[in-house]
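In what follows, a structure is listed as structure tokens, so that the remarks can point back to it.
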Amino acid sequence: MDNKIQFERLVIAAYRLPFKFTKLKNGYKVVQNSGGLVSAILSLSQNFKKRSSYIGNNKIVWAGIAENLPDNFTAKKFENEFFEIAPVNLPQKLNELFYGGFCNGLIWPLFHYFPSYSVFDNENFKAYEEANLKFCEEIIKIIKPGDFIWVHDYQLFLLPEMIRKKVPDATIGFFLHIPFPSFELFRLLPHHWRGKIINGMLGADLIGFHTQDYTQHFIKSVKRTTGFECLQNVIYTPKRLVKADTFPIGIDYEKFHSACLDKHVLAEKQRLKIHLSDQKLVFSVDRLDYSKGLLLKLKGYELFLERFPGWQSKVVFNMVVVPSRDNIKRYEKMKNEIESTIGRINGKYSSLAWRPIIYQYKSLSFNELVALYDLSDVGLITPLRDGMNLVAKEYVACQVENKGVLILSEMAGAAAELNEALIINPTDSTEMAEAIFNALEMKTAEKHSRLERMQNRIATYNVFTWAFDFFNQTFNTKEQQRLISVRVIDKNNSSQIASAYQNADHRILFLDYDGTLVPFSKYPELATIDRSTLEIIRKLAEDPKNQIVIISGRDKNFLERQFKEMNVTLVAEHGYFIKSAGSNWETTITIDSQWKEAVMKILIEYVNRCNGSFVEEKTGSIAWHYRNSDPDFALLRLHELRDDLAEIIRVSHNKDIEILEGNNVLEVKSGKYDKGQAALALMKNKHFDFIFAAGDDKTDEFLFKVLPASAYTIRIGLSSSFAKYKVPDIPFLLKLLKGMEP
Ligand code: GDG
């Protein structure tokens, strides 16, 4: 999987460096931070060289904040052949507002579906921007051409775009370790924060999430926040194509699996076994956090003891809670509640010889952790919400004797891959109690077969596969961008078109209206042309060598109002009406419009069934606009509408009716005409030595398709097209048109 990858260095940008400094009397001690991201990337860095066959010096550079960074610290001390660090310094106050305030006071609870815990504060958002900028400054200082920049997690949403602005062709990936929530949650963020977060992420080439649900939620938020076109998981921003995709993070499977046979771990297991006698062990380890559902876990375990009294004295629950943020009131309160609940349960059920819960509020050493994973009979992993949850995967990897059963919350991202676990809803205490019982009673053969399937999966899609899959996809995205950019007009093409224009004597220019000369508005009547654009067209139209054709789906009255007294040909309703300058509207097409009544009835039904949509009636057609509706909901209605209309067309026996789909609009019209036919009619028996056409929409493709190969056809936006060239946006096209007249 990794042989395609080509980069010089991997530059990681994450909030924290993978270790912190603890002051000692004389000097300082360096301690590795715990956490999913650190485990993943450190494993990656230790195995980077041997895992890959690609070029470059393959070094990892990690930019992040170092806690308690000593004054005399030099990054050089940490440099070795494979690894280098770039500490980012944030003033304490800024860090409090940025990290404590915006990240953990707003994004963390909101994205874990605890909106009532979220604090919305402008100061915090400003600090978030400032902190991201400081990261950007540091990254800009260290990056070199050929680097792969990998930005991680919710603390650095704005960083990809900030880097992109400074280094437009940088290779940037972004990975989110926490859930991306549904738009209903995301939209609680004020408009401009939302916009900045989405655009910030879109600065990357590839944006990765743990599950398909998170990816879909993100794409929906992109559509609702920016209106950019998204086809499956490809987002067409005006300048670049960006991909969003699913990469469930893996673990260093071998490290965990083989650690179970390490002599220190075996010794640790032996030591723990003495305390257990022949009791069964239920084990959990979670950071102290409301998202981990710790109180609900205790409730489920208590109900298990109550419902299955035969298991009392025969089972022990070792609940390890890893200290975290306990200087914050909410966490401190939660810790007290956990401890008093444990006290109550132990008080109720304990005997002289047995305590149902062994509680530890501390971090475990790696050997202790692995020994407990291996030794326990049940892994009880029941978060209320979790991006992935690596503990669940590590638990499975450490079942060398295949005797453990994993109970896993359906709210953990890991549940998508570990579906042979006993999947439960953590809010359902009965389900949890029964799952504990079933796990303890499970037959060996069933345990084996469940574990084997899960182990095979996570051993294959491990942390390395995850990372290299991400790198590969980034390079694929870069390649797609390159293929598109070949057709994006650059300075050379622009001057080539301008000189072809200047050397020609008989020119015809077809210009679409909406999305080409004028940006889209909420309602069609609001999209009027502005003065400067009109001036560009007027100037072109005054040249006697030019025939300017405004070719649109708009009705004739609207077009006439926009281009009053101008020397232009107007084509309205996709070619149903044509009006040469100074003449009247004409149509050569006769259509039977009896179908309109039945179609109108259906379309009105869909207006009622799709909030925000509306109907526009023209002489020869009717359009259903859904620009102002929820995009996914509108898409669903669109599918249904297509079916309903197909049925009407079938029963009407009118082979002439056609469904035309444009930008957020579906139009029903006669198939006897389209923009292509109109253009051919205008060019008939005439000779043009310069043909130019610009449009932004599927309806303009009719035009691009029929024009001769020598024509300069241009599509606005990056979507696939028959046009020869692409331009990113309207201003780009206007500049091109302006540059034609010397
Ligand atoms: C995020 C997302 C996502 C834990 N306690 C001890 C200890 N650990 C190690 C585990 C595991 C890691 O920390 C925790 O993994 P999580 O998956 O729970 O990750 P988070 O740090 O909460 O962060 C999460 C993850 O990113 C990865 O994308 O899965 O959903 O919130 O590796 O082994 N290690 C040791 N002692 C402990 O007491 N040695």
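Results for (1) out of contact with any Ser or Thr (no Cβ under 6 Å at 6 or more places or on another chain); (2) in contact (Cβ under 8 Å) with a residue 12 or more places away in the chain; (3) under 30 Å from residue 728 (Cβ atoms), shown as yes or no for each residue.
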{"residue": "251", "(1), (2), (3)": "yes, yes, no"}
{"residue": "257", "(1), (2), (3)": "yes, yes, no"}
{"residue": "279", "(1), (2), (3)": "yes, yes, no"}
{"residue": "300", "(1), (2), (3)": "no, yes, no"}
{"residue": "310", "(1), (2), (3)": "yes, no, no"}
{"residue": "315", "(1), (2), (3)": "yes, yes, no"}
{"residue": "329", "(1), (2), (3)": "yes, no, no"}
{"residue": "347", "(1), (2), (3)": "yes, no, no"}
{"residue": "352", "(1), (2), (3)": "yes, no, no"}
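Counting the residues of segment 541-557 that are under 22 Å from residue 676 (Cβ atoms), modelled with pLDDT of 95 or more and of a type outside the set (Ser, Thr, Tyr) gives 6. What do you reckon, is residue 336 more than 16 Å from the ligand (Cβ to nearest atom), in a loop (DSSP other than H, G, I, E, B) and either within 20 Å of residue 435 (Cα to Cα) or among the polar types (S, T, N, Q) (or both)? No. Here residue 570 meets each of (1) of a type in the set (A, V, I, L, M, F, W, C); (2) over 30 Å from residue 613 (Cα atoms); (3) open to solvent by less than 10 Å² (accessible area, probe 1.4 Å) with one exception, condition (2).
Return yes or no: is residue 533 more than 14 Å from residue 668 (Cα to Cα), assigned to a helix (DSSP H, G or I), within 39 Å of the chain's Cα centre (by Cα) and not aromatic (Phe, Trp, Tyr)? Considered against the rule, which asks whether it is more than 14 Å from residue 668 (Cα to Cα), assigned to a helix (DSSP H, G or I), within 39 Å of the chain's Cα centre (by Cα) and not aromatic (Phe, Trp, Tyr), residue 533 comes out as yes. Being in a helix (DSSP H, G or I) and over 30 Å from residue 520 (Cα atoms), is that true of even one residue in segment 236-248? No, because not a single residue in segment 236-248 is in a helix (DSSP H, G or I) and over 30 Å from residue 520 (Cα atoms).
Is it the case, given these coordinates, that residue 458 is of a type in the set (Val, Ile, Thr), surrounded by 13 or more Cβ atoms within 10 Å (Cβ to Cβ) and closer than 30 Å to residue 740 by Cβ? No: the conditions fail for residue 458. Quick check on my filter: what residues within segment 710-742 are under 21 Å from residue 230 (Cα atoms) and of a type in the set (Val, Ile, Thr)? 714, 716, 727, 730, listed by residue number.
Close Cβ contacts (under 8 Å, 6 or more residues apart or on different chains) running from residues in segment 430-447 that are under 13 Å from residue 282 (Cα atoms) to residues that are hydroxyl-bearing (Ser, Thr, Tyr) and open to solvent by less than 70 Å² (accessible area, probe 1.4 Å) comprise 432/301; 432/382; 433/301; 436/301. Being in contact with a Leu (Cβ under 8 Å, 6 or more places away or on another chain) and open to solvent by less than 30 Å² (accessible area, probe 1.4 Å) is a property that residue 665 lacks. Taking the conditions (1) touching a helix residue (DSSP H, G or I) at 6+ places or on another chain (Cβ under 7 Å); (2) more than 30 Å from residue 486 (Cα to Cα); (3) of a type in the set (S, T, N, Q) in turn, residue 258 satisfies each one other than (1).
The single condition from (1) within 39 Å of the chain's Cα centre (by Cα); (2) closer than 30 Å to residue 364 by Cβ that residue 276 fails is (1). Here 272, 294 are screened, and the one residue that is in the same structural domain as residue 348 (by TED's automatic domain parsing), over 17 Å from residue 410 (Cα atoms) and surrounded by 15 or more Cβ atoms within 10 Å (Cβ to Cβ) is 272. Selection of segment 650-695 for residues being modelled with pLDDT under 95, among the β-branched types (Val, Ile, Thr) and touching a helix residue (DSSP H, G or I) at 6+ places or on another chain (Cβ under 8 Å) yields 657, 659, 668.
Have a look at 592, 644 and point out the one that is over 30 Å from residue 538 (Cβ atoms) and not in a helix (DSSP H, G or I). Among 592, 644, only 592 is over 30 Å from residue 538 (Cβ atoms) and not in a helix (DSSP H, G or I). Only a single item in (1) closer than 16 Å to residue 9 by Cα; (2) at pLDDT 80 or above is not met by residue 48, and it is number (2). Checked against the criterion of being closer than 30 Å to residue 698 by Cβ and out of contact with any strand residue (DSSP E or B) (no Cβ under 7 Å at 6 or more places or on another chain), segment 239-246 contains one or more residues that satisfy it.
Could you tell me whether residue 469 is closer than 30 Å to residue 572 by Cα and surrounded by 17 or more Cβ atoms within 10 Å (Cβ to Cβ)? For residue 469, the condition - closer than 30 Å to residue 572 by Cα and surrounded by 17 or more Cβ atoms within 10 Å (Cβ to Cβ) - is not met.
All conditions but one from (1) more than 13 Å from the ligand (Cβ to nearest atom); (2) of a type outside the set (D, E, K, R); (3) crowded, with 19+ Cβ neighbours inside 10 Å apply to residue 369; the one that does not is (1).
Taking (1) open to solvent by 30 Å² or more (accessible area, probe 1.4 Å); (2) within 16 Å of the ligand (Cβ to nearest atom); (3) of a type outside the set (Val, Ile, Thr); (4) over 35 Å from the mean Cα position of the chain (by Cα) in turn, residue 351 satisfies each apart from (2). Note on segment 331-345: residues that are in contact (Cβ under 8 Å) with a residue 40 or more places away in the chain and loosely packed, with under 15 Cβ neighbours inside 10 Å total 1. When each of 175, 157 is tested for being of a type in the set (A, V, I, L, M, F, W, C) and touching a residue at least 60 places away in the same chain (Cβ under 8 Å), the lone residue that passes is 175. Looking only at segment 113-130, residues that are closer than 15 Å to residue 155 by Cβ and either of a type in the set (Val, Ile, Thr) or under 22 Å from the mean Cα position of the chain (by Cα) (or both) come to 3 in all. Looking only at segment 237-256, filter to residues that are open to solvent by 40 Å² or more (accessible area, probe 1.4 Å) and more than 14 Å from the ligand (Cβ to nearest atom); which one of those is nearest to residue 370 (Cα to Cα)? My answer is 254. Meeting the requirement of 1 or more residues that are open to solvent by 30 Å² or more (accessible area, probe 1.4 Å), at pLDDT 95 or above and under 21 Å from residue 257 (Cβ atoms), no strands (runs of 3 or more DSSP E) wholly within segment 373-444 can be named.
The values are calculated or read from the model by the stated rules, or taken from the named source; none is laboratory data. Just so you know, these numbers come straight off a predicted model, no measurement behind them. Methodologically, a virtual Cβ is constructed for each residue, glycine included, from the backbone with ideal geometry; neighbour enumeration extends over all protein chains shown. With ligands, DNA and RNA removed, areas are computed over all heavy atoms of the protein, side chains included. Shrake-Rupley method; radii C 1.70, N 1.55, O 1.52, S 1.80 Å.
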